[in-house]
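The values are calculated or read from the model by the stated rules, or taken from the named source; none is laboratory data. Note that the coordinates shown come from a computational prediction; the quantities given were computed from them, not determined experimentally. Note that each Cβ is placed from the backbone with ideal geometry, even for glycine, and that neighbours are counted across all protein chains shown.
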Amino acid sequence: MHTRDALDRPLHDLRISLLDRCNFRCPYCMPESEFHEDYQFLTKSQRLTHDEILKVARVATSLGVSKLRLTGGEPLLDKKLPSLVRGLAELPGVEDLALTTNGMLLAPVAQTLADAGLQRVTISLDSLDEDVFRKMSGGRGDLATVMQAIDAASAAGLAPIKINVVVERAVNDHTVLDLLDHFRGTGHIVRLIEFMDVGNRNGWRMDQVVPSRELLAKVEARWPLRSADRNYPGEVARRYEYADGQGEIGFISSVTEPFCGSCSRARLSSDGMLYTCLFASRGTDLREPLRNNVDDDELADILSRIWLQRADRYSELRRPDVAEHHALSKVEMYRIGG
Ligand code: SAM
Ligand code: SF4
Ligand code: SF4
């Protein structure tokens with residue numbers, strides 16, 4: 001049975017941020033100027049243990065969650081990831097188990113993760129232009145390594161692979177068509193994401209957003225597209241297929257075409273806060289009850305109470321032209337994952 005929120009949206013997905021650390025410093029997420037050497041990331045004892053994560057996930061599935069996604073920060077910095085994946089894959093009710101990663105550390109463990117029960121990966125890759133890619137990873141990414149990761153994930157059957165591209169005006173928008181061209185016909189699905197005003201530290205400005213409408217026109221001028229149905233209610237990407245049968249692309253337009261009406265996601269941060277919106281300024285601490293040995297029924301009560309009260313629809317209410325709207329104190333993306 002699905003628990004439904006105040007706007008009648010079911011609880012369907014749980015995104016689990018494993019850690020707040022990252023080996024990249026993408027300026028749109030963790031700019032180096034803010035996340036410098038002295039930055040205080042969470043300590044191990046502040047982060048949820050794998051047992052605690054498994055408990056939250058198990059209880060969430062009893063409330064209707066069937067999709068789990070591991071994210072971060074960079075989830076592959078967690079060296080014990082395969083055993084967590086195995087535990088999550090064994091939970092009854094889990095139909096979809098996926099991972100979002102920047103791909104730098106993926107190739108050597110792709111097969112191990114697949115064997116442990118991981119079904120799919122999303123790899124973030126903003127450009128195939130070496131210089132642009134390096135800049136968008138904060139000088140830390142190596143393009144060849146990420147390309148190898150895509151091949152390794154494909155060989156391990158972690159498919160269909162999704163490639164997430166955050167599009168920023170005058171940063172990488174001029175390289176999008178080349179990237180699409182490269183992945184056409186490979187079976188990998190490129191998703192073009194509007195630069196979002198998540199958190200308060202990425203210096204977001206509306207004039208850096210390339211509206212999906214504008215990008216779509218650019219893509220269609222090169223390759224005719226036809227609109228495809230959503231795979232499931234609540235899917236965030238608008239799907240299109242190349243008319244010549246060379247595959248699929250998606251547009252995630254949370255700034256210019258919000259999709260709060262069907263948003264079915266809860267997010268667990270690495271320090272155990274549960275958030276019901278990517279743009280939340282407040283969450284609910286689950287770590288304390290977990291460390292006080294809350295039992296499954298009590299935890300289910302806590303989770304369902306949170307979901308029943310949920311009325312978030314930040315993107316629908318947001319007016320990008322009103323500065324105060326995105327100046328609200330919001331949780332950072334690297335803490336709760338994308
Ligand atoms: N480190 C992993 C990665 O980059 O794939 C997982 C975490 S990352 C926060 C998850 C996704 O959020 C990535 O695809 C990233 O590109 C996206 N993201 C981060 N900041 C964003 C922003 N300001 N606007 C849109 N997408 C963003
Ligand atoms: Fe790290 Fe992912 Fe954020 Fe880039 S988008 S800084 S890879 S967490
Ligand atoms: Fe969901 Fe919040 Fe995004 Fe709306 S703004 S789609 S409620 S995460």
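Quickly run through segment 153-172 and pick out the residues that are crowded, with 20+ Cβ neighbours inside 10 Å and in a helix (DSSP H, G or I).
Passing the criteria: only 153.
Can we say residue 238 is buried (at least 18 other Cβ atoms within 10 Å of the Cβ) and either of a type in the set (Val, Ile, Thr) or touching a helix residue (DSSP H, G or I) at 6+ places or on another chain (Cβ under 8 Å) (or both)?
In short, yes.
Among the listed residues 103, 73, identify the single one that is within 21 Å of the chain's Cα centre (by Cα), crowded, with 22+ Cβ neighbours inside 10 Å and either away from ligand 2 (no atom under 16 Å from the Cβ) or under 28 Å from residue 299 (Cβ atoms) (or both).
That would be 73, the only listed residue that is within 21 Å of the chain's Cα centre (by Cα), crowded, with 22+ Cβ neighbours inside 10 Å and either away from ligand 2 (no atom under 16 Å from the Cβ) or under 28 Å from residue 299 (Cβ atoms) (or both).
Out of all the residues in segment 190-221, which are farther than 14 Å from residue 177 by Cα, in contact (Cβ under 8 Å) with a residue 60 or more places away in the chain and among the charged types (D, E, K, R)?
Result: 194, 197, 201.
Kindly provide the set of residues from segment 136-152 that are among the hydrophobic types (A, V, I, L, M, F, W, C) and crowded, with 16+ Cβ neighbours inside 10 Å, ordered by number.
136, 143, 146, 147, 149, 150, 152
Out of the residues in segment 198-255 that are part of a helix (DSSP H, G or I) and small (Gly, Ala, Ser), which is nearest to residue 11 (Cα to Cα)?
So the residue we want is 212.
Within segment 185-200, work out how many residues are more than 16 Å from ligand 3 (Cβ to nearest atom) and buried (at least 18 other Cβ atoms within 10 Å of the Cβ).
Of the residues in that region, 4 qualify.
Name the residues in segment 216-236 that are modelled with pLDDT of 90 or more and among the hydrophobic types (A, V, I, L, M, F, W, C), would you?
Within segment 216-236, 216, 217, 219, 221, 223, 225, 228 meet the criteria.
Got a sec? Which of 65, 59 is in a helix (DSSP H, G or I), away from ligand 1 (no atom under 15 Å from the Cβ), surrounded by 22 or more Cβ atoms within 10 Å (Cβ to Cβ) and touching a residue at least 60 places away in the same chain (Cβ under 8 Å)?
Unique residue meeting the criteria: 59.
Please go through segment 88-113 and give me each residue that is part of a helix (DSSP H, G or I), more than 14 Å from residue 18 (Cα to Cα) and not polar (S, T, N, Q), ordered by number.
Within segment 88-113, 89, 107, 108, 109, 110, 113 qualify.
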